[in-house]
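In what follows, a structure is listed as structure tokens, so that the remarks can point back to it.
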Amino acid sequence: MERLDGTALRAWAAAATTALAAARARVDAVNVFPVADSDTGTNVYLTVAGGSEALAREEQGAAGRGEPPGGGQDAASGDDGAAPSGDVRVGEAPGGPDDSGGGGEPGADVVARRFAHGALLAARGNSGVIVSQYLAGLARTLPATAGPVDLALALTSAAHAARSAVAEPQEGTVLTLAEVVARSATSAADRGSGLGGVLAAALADGHASLGRISAEHPVLRAARVVDAGACALLVLLDALGRVVAGEGGAAADLDWLPAAGSHPHGRGTTAGPDGEAATHGPGEGGGAYEVMLLVRSPAAVDDRPPADATGPADGTARAGGPDAADARHRPDGLDLAPELSARMQALGDSVAVVGGDGLWHVHVHTDDPGRAVVEAALGERDQVVVRLLVDRAATGLPTGLGVVACTGSVDLAGPLASLGAVTLVRCDGTGVTERHLVRAITDTGTSHVVVLPGDVATAELARRCADALAPAGLTVEVLPALDELRVTVGAIALAGSDPDAGAAARVASCLRSLRGLRTAEVTDPAPASALEAVDALLAGQAGPSGAETLTLLTGCDVTAAARAELEEHVAERHPQLTVLGAGPADGVPSYWMGVE
């Protein structure tokens with residue numbers, strides 16, 4: 001292949017997704033930085049798969065209109081293909097007035113921008129956010145057909161974009177490897193190498209440098225592993241190399257990666273003298289929670305077309321396009337990234353903010369997830385996901401059954417996530433969508449998932465997701481937890497269930513808790529009023545057969561001293577009760593309580 005075009009970029013997206021699916025467990029095995037949570041391979045796979053799926057949706061939409069992929073008015077205005085039923089688009093797929101090249105097959109520039117945009121929306125974890133920005137940087141300089149020099153420039157742009165996404169760039173990681181690849185590609189292009197030669201030189205240098213680069217980082221050096229993000233990037237770029245060589249359908253060579261559960265071996269990898277890896281405790285290296293969310297600038301919200309529209313009404317720059325950087329500094333395209341990054345850095349680490357032109361994806365590890373969500377309110381917040389970084393097994397939480405909890409209370413996001421739930425937070429009037437639910441269900445990493453929906457509308461969407469995911473072998477059960485209190489009760493019940501019991505038994509136990517719940521709301525912040533409500537709930541229920549657990553949510557008008565006073569009175573008057581719950585929490589009355 002002498003030049004990259006749109007068809008080659010589509011083939012790359014498909015080949016990379018397949019290769020990362022095969023490599024994910026091996027890459028996960030060496031993930032110790034920034035958090036030893038063994039999910040870098042999975043996160044990059046899901047990110048790239050999201051970009052590839054965005055291309056597939058656009059292609060299907062074009063076929064339905066009788067047009068080439070990317071051709072026609074819809075593509076030119078930025079339609080990213082049919083959104084899932086009941087969903088609302090988050091941003092528009094990048095396009096532009098020259099998308100179709102006069103109505104024909106879109107060029108490499110258009111396909112690359114759409115690939116990057118899909119990856120931006122689908123990005124998981126710190127590694128996924130970085131890769132999505134790498135793809136955006138690659139797309140920023142690609143012409144419609146790219147030769148060797150164009151590719152070298154694009155790889156350089158990609159490396160710079162990836163580094164700019166991270167608040168505190170770390171050497172010895174994927175960022176360093178990206179720069180090595182870019183320099184090698186530039187040198188090969190300067191020597192007059194063809195497209196295949198440029199990629200071959202860049203990949204050979206990347207693989208050969210992997211061990212040396214990783215040894216520059218103290219955490220990786222101590223663990224005697226190579227950087228997981230760098231491994232994932234090499235898998236991604238190896239796929240491009242196969243496409244250029246005319247071998248896009250060939251299986252990826254993954255022998256250089258460690259087998260799942262083992263340590264690196266093969267080309268470019270160094271091992272310790274004793275062959276043993278250092279261990280890292282759960283949660284080391286940052287906050288206990290991961291917060292990810294999309295933020296749309298106020299101007300973008302005001303100008304956004306309806307959900308069924310095909311793209312930006314004014315045809316201005318799209319996210320990741322060649323003029324995106326300029327758009328971010330126009331009055332109608334304010335760059336929120338610096339302020340978002342600064343606010344997240346004040347609350348945690350592993351901060352990455354990517355995107356532009358009105359839409360950003362924010363990532364942070366923090367011990368105060370609710371505050372992180374609040375501080376991100378520089379625009380409309382969407383797709384807000386909070387999860388516990390510590391492995392469930394390490395916390396003593398039951399495994400084998402995934403939990404998705406949906407809440408409209410920012411302050412409940414942390415408590416629900418601490419119970420092992422992947423938590424979706426409704427913000428700024430944006431409801432939970434099917435895309436959000438599918439993402440959260442996937443992020444549980446299990447094939448049996450319970451959804452605590454929080455309201456009737458989300459419950460209906462969750463049931464539709466359950467039906468759609470069943471053919472893929474996923475069991476999704478939607479429980480009758482239709483308000484904040486019942487979501488909390490359900491999460492507590494599932495977290496406290498017998499870890500040796502089967503999933504069905506644990507779900508049945510949770511259902512009994514929800515169906516037997518008696519509740520009361522008190523709008524007076526005085527503890528005496530709440531204690532009267534507790535007495536009323538427990539009337540006639542004293543004794544061994546009575547209630548044993550009081551789930552208590554307190555509103556923002558209840559002080560810590562008032563809650564402590566209530567709990568003290570409950571302990572004196574009803575010693576059989578264990579008080580659980582959370583507060584102060586936004587969106588709930590002064591006291592909201594339930595007994596089983």
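The values are calculated or read from the model by the stated rules, or taken from the named source; none is laboratory data. Owing to the predicted nature of the structure, the values given are computational and were not obtained by experimental measurement. Every residue, glycine as well, gets a Cβ built from its backbone with ideal geometry; the counts of neighbours run over all protein chains shown.
For this structure, a couple of remarks:
- Lone qualifier among V558, V579, V570 - being more than 21 Å from G454 (Cβ to Cβ), buried (at least 21 other Cβ atoms within 10 Å of the Cβ) and under 40 Å from the mean Cα position of the chain (by Cα): V558
- Residue match in segment 385-406 (condition: acidic (D, E), over 15 Å from D443 (Cβ atoms) and either touching a residue at least 24 places away in the same chain (Cβ under 8 Å) or surrounded by 22 or more Cβ atoms within 10 Å (Cβ to Cβ) (or both)): no
- Of the numbered criteria (1) at pLDDT below 95; (2) buried (at least 24 other Cβ atoms within 10 Å of the Cβ); (3) in contact with a strand residue (DSSP E or B) (Cβ under 9 Å, 6 or more places away or on another chain), the one S132 fails is (1).
- Helices (runs of 4 or more DSSP H) lying entirely in segment 460-576 (those with 1 or more residues that are under 14 Å from W592 (Cβ atoms)): 484-495, 527-538, 560-573
- Subset of segment 17-46 [modelled with pLDDT of 95 or more and under 23 Å from V351 (Cβ atoms)]: V44, Y45, L46
- Residue that is surrounded by the fewest Cβ atoms within 10 Å (Cβ to Cβ) [pool: residues in segment 362-384 that are under 16 Å from T407 (Cα atoms), in contact with a Leu (Cβ under 7 Å, 6 or more places away or on another chain) and of a type outside the set (A, V, I, L, M)]: R371
- Hits in segment 577-596 - residues which are assigned to a strand (DSSP E or B) and at positive phi: G581, G583
- Those residues of segment 428-448 which are more than 19 Å from G50 (Cβ to Cβ) and either outside the structural domain of P398 (by TED's automatic domain parsing) or in contact with a Leu (Cβ under 9 Å, 6 or more places away or on another chain) (or both), in sequence order: G431, T446, S447, H448
- For V489: the one exception among (1) closer than 22 Å to N43 by Cα; (2) buried (at least 19 other Cβ atoms within 10 Å of the Cβ): (1)
- Residue that is surrounded by fewer than 21 Cβ atoms within 10 Å (Cβ to Cβ) and assigned by TED's automatic domain parsing to the domain that holds A112, where the choices are G137, G147: G147
- Pick from segment 423-480, criterion more than 12 Å from V403 (Cβ to Cβ), among the small types (G, A, S) and touching a strand residue (DSSP E or B) at 6+ places or on another chain (Cβ under 7 Å), ranking: surrounded by the fewest Cβ atoms within 10 Å (Cβ to Cβ): S447
Here's the yes/no breakdown for (1) modelled with pLDDT under 95; (2) under 15 Å from H436 (Cβ atoms):
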residue: R381; (1), (2): no, yes
residue: A393; (1), (2): yes, no
residue: P398; (1), (2): yes, no
residue: C406; (1), (2): no, yes
residue: S409; (1), (2): no, no
residue: P415; (1), (2): no, no
residue: S418; (1), (2): no, no
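- Per-region count, segment 563-596, residues touching a residue at least 60 places away in the same chain (Cβ under 8 Å) and of a type outside the set (A, V, I, L, M): 11
- Selection status of L293, in contact with a strand residue (DSSP E or B) (Cβ under 7 Å, 6 or more places away or on another chain), modelled with pLDDT of 95 or more and either closer than 18 Å to R435 by Cβ or buried (at least 22 other Cβ atoms within 10 Å of the Cβ) (or both): yes
- Unique residue being surrounded by fewer than 24 Cβ atoms within 10 Å (Cβ to Cβ), in contact with a helix residue (DSSP H, G or I) (Cβ under 9 Å, 6 or more places away or on another chain), among the hydrophobic types (A, V, I, L, M, F, W, C) and modelled with pLDDT under 75 when the list is A75, A83, A93, A63: A83
- Single residue of A495, A472 found to be touching a residue at least 24 places away in the same chain (Cβ under 8 Å) and either more than 25 Å from Q576 (Cα to Cα) or within 26 Å of the chain's Cα centre (by Cα) (or both): A495
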